[in-house]
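J.: Before I ask anything, here is the structure I am working with.
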Amino acid sequence: MRIYKAKDYQDMSRKAANILSAQVIMKPNCVLGLATGSTPIGVYKQLIEWYRKGDLDFSEVKSVNLDEYKGLPKDHDQSYYYFMYTNFFKDINIDMANTNIPNGMEMDSEKECERYNHVIEKVGGIDMQLLGLGHNGHIGFNEPGEVFEKMTHCVNLTESTIEANKRFFASADDVPRQAYTMGIKTIMQAKKILLVVSGVDKAQILRDSLFGAVTSNVPASILQMHNDVTVVADEAALSLIK
Ligand code: F6R
């Protein structure tokens, strides 16, 4: 595992964008595993800037996203499809036909999860998976206590996740109760993993994830068992790691 210390959020974003850029340059038709959430927004902004300068070409890149709320249509402003389109895809030359996100409007969970696993298999697996870190150590929507062996599956959101996400909806009642997410097993099958973490509020969970016991109580701790993980975190997030 490599850990790169960034000065602040902007520096973290630039360093992580550099790593993703290198992936795209070295393998123009690579498969990127992508994440939503507040942490990667700066990474996407930086990649867009370099694309506009002519330094990056996404025309052959394929993408698979980690997760999506079940029950939200693509055009809902809280759907992860909408997030990816507005924060990244619309500003680069990726072919939208090459982007993949679980279909939140498919109500048959088994069917959708099977389809999504097949999508990942068909694109040849994930070359580099970008991850953010939840305050409780979740990655994707894999909450503490989830078994490590799962591929894409449907999860019931925990009360704390519903609570954390309600600020984006009219009320807590409007927050979807379920989501589709790649499982830990899917994430661990990515060839390379790039974890981005920012802020002092993530310091404890980052330390637990990288140096604590490997346990399903801290889902991100499984990353210690992956052979190609790069962590880019700012000083605040790394403040409890000597
Ligand atoms: C996003 C995702 C989540 C986030 C995590 C951190 O697709 O699956 O696991 O990465 O909740 O979110 P932020 O970056 O908003 O702190």
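J.: For Lys74, are the conditions met, namely being more than 16 Å from the ligand (Cβ to nearest atom) and charged (D, E, K, R)?
T.: Criteria not met by Lys74.
J.: Mind checking which residues of the range 72-127 are of a type in the set (Asp, Glu) and farther than 19 Å from Met182 by Cα?
T.: Asp75, Asp77, Asp91, Asp95
J.: Can you tell me which condition Tyr51 does not meet? The list is (1) outside any loop (DSSP other than H, G, I, E, B); (2) more than 14 Å from the ligand (Cβ to nearest atom); (3) under 19 Å from the mean Cα position of the chain (by Cα); (4) crowded, with 17+ Cβ neighbours inside 10 Å, and all the others hold.
T.: For Tyr51, the exception is condition (3).
J.: What pairs come out if I take residues in the range 79-94 that are over 17 Å from Gly42 (Cβ atoms) and pair them with residues that are hydroxyl-bearing (Ser, Thr, Tyr) whose C-beta lies under 8 Å away, six or more apart or interchain?
T.: Hits for this filter: Ser79/Tyr69; Tyr80/Thr36; Tyr80/Tyr69; Asn93/Tyr51; Asn93/Ser59; Ile94/Ser59; Ile94/Ser63.
J.: In the range 110-135, which residues are surrounded by fewer than 20 Cβ atoms within 10 Å (Cβ to Cβ) and within 12 Å of the ligand (Cβ to nearest atom)?
T.: Scanning the range 110-135 gives a single hit, His135.
J.: Only residues that are more than 6 Å from the ligand (Cβ to nearest atom) and closer than 14 Å to Val197 by Cβ: list them for the range 28-40, please.
T.: Pro40
J.: Let me ask another. Within the range 152-208, which strands (runs of 3 or more DSSP E) (wholly inside it) include 1 or more residues that are of a type in the set (Lys, Arg) and within 20 Å of Leu131 (Cα to Cα)?
T.: Of the strands (runs of 3 or more DSSP E) lying wholly inside the range 152-208, those with at least 1 residues that are of a type in the set (Lys, Arg) and within 20 Å of Leu131 (Cα to Cα) span 192-197.
J.: Filter the range 54-107 for residues that are part of a loop (DSSP other than H, G, I, E, B) and of a type in the set (Asp, Glu) and give the result.
T.: Passing the criteria: Asp55, Asp57, Glu60, Asp75, Asp77, Asp95, Glu106.
J.: Given (1) in contact (Cβ under 8 Å) with a residue 40 or more places away in the chain; (2) away from the ligand (no atom under 16 Å from the Cβ); (3) not in a strand (DSSP E or B), where does Lys5 come up short, assuming only one miss?
T.: (3)
J.: Oh, and also: Residues being free of Cβ contacts under 8 Å to residues at least 60 places away in the same chain, loosely packed, with under 15 Cβ neighbours inside 10 Å and either under 23 Å from Ala17 (Cβ atoms) or among the hydrophobic types (A, V, I, L, M, F, W, C) (or both): count how many of those fall in the range 167-209.
T.: 3
J.: Then there's this: Counting only residues that are assigned to a loop (DSSP other than H, G, I, E, B) and either among the acidic types (Asp, Glu) or out of contact with any Ser or Thr (no Cβ under 8 Å at 6 or more places or on another chain) (or both), which one in the range 136-149 is nearest to the ligand (Cβ to nearest atom)?
T.: Per the criteria, the residue is Glu143.
J.: Then there is this: Quick check: anything in the range 167-179 more than 12 Å from the ligand (Cβ to nearest atom), touching a Phe, Trp or Tyr at 6+ places or on another chain (Cβ under 7 Å) and not hydroxyl-bearing (Ser, Thr, Tyr)?
T.: Taking the range 167-179 first, the residues more than 12 Å from the ligand (Cβ to nearest atom) are 169-178.
The next check asks that each one be touching a Phe, Trp or Tyr at 6+ places or on another chain (Cβ under 7 Å); those that pass are 175-176.
Pick out the ones that are also not hydroxyl-bearing (Ser, Thr, Tyr) and you get 175-176.
Checked the range 167-179: at least one residue is more than 12 Å from the ligand (Cβ to nearest atom), touching a Phe, Trp or Tyr at 6+ places or on another chain (Cβ under 7 Å) and not hydroxyl-bearing (Ser, Thr, Tyr).
FYI, it's all coordinate maths here, none of it is from the lab. All figures in this text were calculated on a predicted structure; none of them were measured in a lab. Cβ atoms come from the backbone with ideal geometry, glycine included; neighbour counts cover every protein chain shown.
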